[in-house]
Amino acid sequence: MGADAETGRWRCPRSRAAAARGAARPGRAVAEPPGATGDAGRSVERVVRPRRALRAGLAHAVAVGVAVVLGLLLPAVDGGSRVAADRAVAVLNVLGVGVLSVTTLIFSLMFLVVQWAAGNFSHRLALFRSDPMVWRVFAFVLGVLVYSVTAVLAIGSRPTVSVAVPIAALVMAAAAFVLVRRLQLVALRSIQLAHVLDELRDRGLHALDVYGPPDGTAAARDPAPGPDAPGVPPAGPAASVLWRGAAVLVEQFRLVPLVEAARRGGATVVLRVKVGDVVYEGDVVADVHHGTVPEGEVLKAVLAGPERTFHQDPVLAFRLLSDIGLRALSSAINDPATAVQALDAVEDLLRRAATGPVVRTSRAIPDASGAVRVVLPVAGWDDLLRVGLDDVLVIAPGMPMVLARCHRLLTGVLSVAPAPLRPPLEERLAWTEERLSVCPSFLRDGAGSGG
């Protein structure tokens, strides 16, 4: 999707992203969010629903299947160099057991890494445990073990076998150790504060770029004044769609099928819940204006998940950075320098957000003809400030370093923020300056640099 510079509306081309990216991967539901294709060459972002269990199971099945085939075929090769079967069996047994033992040790350490990150950063931080590399490495190692067992059984009572059998096992074992080593390095980086903050900032910047227009046009930034302007819910009677079933967390929306369903019914669907909201039974999910859309089509567009993801959720990066700052300022840890580092990343995100259309709290998504079919609620400027800054700002008066860093953050964001975004920043800046004024000068001067 791209942003129309004249109207600020989001375009939802159904086939362009599909042609550019190809068919959907197994286990993924594909849609196209209000992304951007700007002069910088940003490609259209696909929205996927990570189904980790399905994708992990598929990777394991493929690895086991390939291993079984190789384990049956290679011992049956008659030509080429030969090696004694008993020596080949010994190599297979040693490599299979060795790779499994090392992998078991490494994955045991991985569980400790996940527990450490949850306890020291945030329970919502899933950068490592959601990394597809984890289950892919496990699938490959499982394939090495299955190949070794299958090849041993296939060799049977043969006196000799092709040299390809032990060579394949050696190559697989070497590749497995390389992958496990790489996984170990990824795990170690996931407990380093600087790496985690950089990763969260990068993901937050990417989400803001995808859900903001590619330029800083006034049409994209200024609030829509009239009822027919982009992103403004239509007036008039509406049919409400209620959530059926247990309470769920909204992980994403299937926007493309919803736009198509609204087009067929000549309707405009105004979603009433945002990504990251918890929906309870009986809550209004959407209002349908001007036409009819089957309730099932609207409910199918809501993708529920166990936890928030960065897909379609620019606020999550702010939430995680705030969590890290709050945990650092707790009486049990008392580490204001870590909170200052988290605020460095928050300021970068707020500066980027200040150049986007964050004044509006909804986005209009038209169909190919330009008619608005879906109005998507999104987090506005006040939401980003509240999630990313306010919780830390309230605690900051007890930490001069953090309070001074908040003052620098607000001053810096004010220097780039357009006029509509200034009032909430100025209000927080005045509050911060009032608290700073009671601090001795030696605490104010030079504070907030992170030590």
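Annotations for the structure displayed:
- Protection proxy ranking for 336-348, 78-90, using the average of other Cβ atoms within 10 Å per residue and placing the highest first: 336-348, 78-90.
- Computed from the C-beta positions of ASP390 and THR361, the FRET efficiency with R₀ = 22 Å rounds to 0.80.
- Estimated D of segment 52-196 in µm² per second, where Rh is the Kirkwood radius over Cα pairs and Stokes-Einstein applies at 4 °C, 1.567 mPa s: 79
- Ellipsoid semi-axes in whole angstrom, largest first, where each is sqrt(5λ) of the Cα gyration tensor of segment 367-437: 33, 13, 9
- At R0 = 22 Å, FRET efficiency that the Cβ-Cβ distance of ALA246 and SER130 yields, to 0.05: 0.40
- Each of SER322, ALA368, GLN341 was placed along the dipole of segment 269-428 (beta-carbon charges, centred on the mean Cα), and the one lying farthest toward the positive end is GLN341.
- Label reach from ALA239 (point 7 Å along Cα→C-beta): in segment 269-292, amide nitrogens under 17 Å belong to 269-272, 284-292.
- Shown in residue order for segment 84-89 are the 3J(HN,Hα) couplings computed by the Karplus curve 6.51 cos²θ - 1.76 cosθ + 1.60 at θ = phi - 60°: 4, 5, 5, 5, 5, 5 Hz (x for Gly and Pro).
- Here the spin labels are modelled as points 7 Å beyond Cα on the Cα-Cβ line, and at SER369 and LYS300 they lie 2.2 nm apart.
- Peptides 57-69, 164-176 ranked from most to least packed by the mean count of surrounding Cβ atoms within 10 Å: 164-176, 57-69.
- A Förster radius of 51 Å combined with the Cβ-Cβ distance from VAL163 to LEU58 puts the calculated FRET efficiency at roughly 0.95.
- Distance between the pseudo-spin-label points of VAL278 and ALA332 (7 Å out from Cα toward the beta carbon): 2.1 nm.
- Size of segment 314-444 as Cα extents on the principal axes (Å, biggest first): 62, 31, 18
- Relative contact order (%) - segment 97-175, alpha-carbon pairs under 8 angstrom, separation at least six: 36
- Potential extension, VAL171-LEU185 segment - 0.36 nm per residue separation minus Cα distance: 2.9 nm
- Among the GluC sites (Glu not before Pro) within segment 286-317, those in coil by DSSP and having at most 13 neighbouring Cβ atoms inside 10 Å are GLU307.
- About the Cα centre, charge dipole magnitude for segment 52-196 (Lys/Arg +1, Asp/Glu -1 at Cβ), debye: 380
None of the figures in this text is laboratory data; all of them are computed from the coordinates on show. A quick note: this is a predicted structure, and the numbers were derived from the prediction, not measured. A quick note on method: Cβ atoms are made from the backbone with ideal geometry, for glycine too, and the neighbour counts reach across all protein chains shown.
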